[in-house]
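Heads up: the structure comes next, in structure tokens.
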Amino acid sequence: MQRVGSILWRALKVMPVIGFVVILASVPQILRRKGFVFGALAVTLDMLPVICLIKAGIEIYTGDLLPDKMEAATAANFEPAA
């Protein structure tokens, strides 16, 4: 039983490292898609372990929290002029 606990503990310690590598590898794509400000904010939120879980849980139900550049530009173009 102690050996299984040791293996499980090692696996849990490695998972955040794998997650960080995936996030860092996707930074250029995120910055192109969201722009510098929203992209940097998205990467920062994804790098924080507990915040990332909360953000991912919210995004399952509501979609992406931070809009992409194209979505923001098209939404601005279709708003009626006041």
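Okay, here's what the table says:
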quantity: Net charge of neighbours whose Cβ lies under 13 Å from the Cβ of Ile23, counting Lys and Arg as +1 and Asp and Glu as -1; calculated: 0
quantity: Candidate residues Met47, Met70: accessible-area rank, largest first, probe 1.4 Å; calculated: Met70, Met47
quantity: Rough spin-label spacing in nm, given labels placed 7 Å along Cα→Cβ, for Val17 and Glu59; calculated: 2.4 nm
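The values are calculated or read from the model by the stated rules, or taken from the named source; none is laboratory data. Given the structure is predicted, the values throughout are model-derived calculations rather than measurements. In this analysis, Cβ positions are derived from the backbone assuming ideal geometry, glycine residues included, and neighbour counts consider all displayed protein chains. Each accessible area value is taken on the protein alone, full model and side chains, heavy atoms only, with ligands, DNA and RNA left out. Shrake-Rupley method; radii C 1.70, N 1.55, O 1.52, S 1.80 Å.
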